[in-house]
1. Which residues, counting only those in the stretch 24-38, are more than 13 Å from ARG112 (Cα to Cα) and surrounded by fewer than 18 Cβ atoms within 10 Å (Cβ to Cβ)?
2. For the stretch 49-81, what are the residues that are within 16 Å of the chain's Cα centre (by Cα) and open to solvent by 30 Å² or more (accessible area, probe 1.4 Å)?
3. Could you list, in sequence order, all residues of the stretch 39-48 that are open to solvent by 40 Å² or more (accessible area, probe 1.4 Å) and assigned to a helix (DSSP H, G or I)?
4. Do you know which residues across the stretch 156-175 are surrounded by 14 or more Cβ atoms within 10 Å (Cβ to Cβ) and in a helix (DSSP H, G or I)?
5. When you scan the stretch 206-223, do you find a residue that is at pLDDT 90 or above, within 18 Å of SER114 (Cα to Cα) and of a type outside the set (Gly, Ala, Ser), even just one?
6. Just one of the numbered conditions (1) under 25 Å from the mean Cα position of the chain (by Cα); (2) open to solvent by 60 Å² or more (accessible area, probe 1.4 Å) is not true of ILE21; which one?
7. Spot the failing condition for THR184; the list is (1) among the β-branched types (Val, Ile, Thr); (2) part of a helix (DSSP H, G or I); (3) within 17 Å of ASN93 (Cα to Cα), and only one is missed.
8. Search the stretch 84-134 for residues being farther than 28 Å from TRP64 by Cβ, outside any helix (DSSP H, G or I) and of a type outside the set (Gly, Ala, Ser), and hand back the single one that is modelled with the lowest pLDDT.
Amino acid sequence: MVDKRSGRQSAEAAEQTKKSILCAAADLFSQKGFDKVSVREISEVAGVSHGLIRHHFGSKEQIWHRICDEIHLYIQGLMETLVEEADSNLPPNERLFEMMIRLMASLLVDPRPSRLAASAMGSKEELFDYLYDLTGKTEKAFAMELERAQAAGYLTDSSMEELKWFCCLFSDAPATLRPLLSQTYGPEQDKALLEHWRLFARLLAPMLGIEKSTIPEPANLRELMVCGTCEPDHVV
């Protein structure tokens, strides 16, 4: 008879191995892009054998799909939390502004979802389609907030797609243009990201009729990020 405790430990060890593989792959895909990462490289970073990765996932594409599934859950939780925590007594424009600046803070603290999306866009079309289909399901809450703001007379010429584009530009730029970020705001990463976030907030504010004097002045971005969803270990 198989010892139940041993069986449970083996199952837990297998899950931990799969998590290590996914974390290693997510980091490599976000840093180098999907096409430039090999299964052997993932195995080296994860500290497991090439065969074990094949056993758990089968192929690099299947690893990508699993990471996308996890990102979908991550982004969905992030957006749901933003909606739940937003002050329902605020006017629609102020409420949407609060949600968007907190979303940007979260994506800048942990850039892997944005970097993985950029990796998908630069690789096979089917990789992007898979990621886009998943993340598309998480947009309903923000779309409703946008509709409320538009009904109040703000962002009337904008669409959800344009709002996503605006956010993608700012969330991915620090990683893609890191040397330029350092030249602009200095070599200290946290301070540079904070200044980049402030630029985003300043540009967004007039679009939503927000007075510049009311824009938050956090000491660091972790003051605004969504707690419990944005630390890197929660992505995969």
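1. Within the stretch 24-38, ASP35, LYS36, SER38 qualify.
2. HIS65, ARG66, ASP69, GLU70, LEU73, GLN76, GLU80
3. The answer is ARG40, GLU41, GLU44, VAL45.
4. Step one: filter the stretch 156-175 for residues surrounded by 14 or more Cβ atoms within 10 Å (Cβ to Cβ), giving 158, 160, 163-164, 166-168, 170-175.
Scanning the stretch 156-175 gives MET160, LEU163, LYS164, PHE166, CYS167, CYS168, PHE170, SER171, ASP172, ALA173, PRO174, ALA175.
5. Scanning the stretch 206-223 turns up at least one residue that is at pLDDT 90 or above, within 18 Å of SER114 (Cα to Cα) and of a type outside the set (Gly, Ala, Ser).
6. Tallying (1) under 25 Å from the mean Cα position of the chain (by Cα); (2) open to solvent by 60 Å² or more (accessible area, probe 1.4 Å), ILE21 fails exactly one: (2).
7. (3)
8. The residue in question is ASP87.
The values are calculated or read from the model by the stated rules, or taken from the named source; none is laboratory data. These figures come from a predicted structure and were not determined experimentally. So basically every Cβ, Gly included, is an ideal-geometry build from the backbone, and we count neighbours across all protein chains shown. Only protein heavy atoms, including side chains, enter the accessible area calculation; ligands, DNA and RNA are left aside. Shrake-Rupley method; radii C 1.70, N 1.55, O 1.52, S 1.80 Å.
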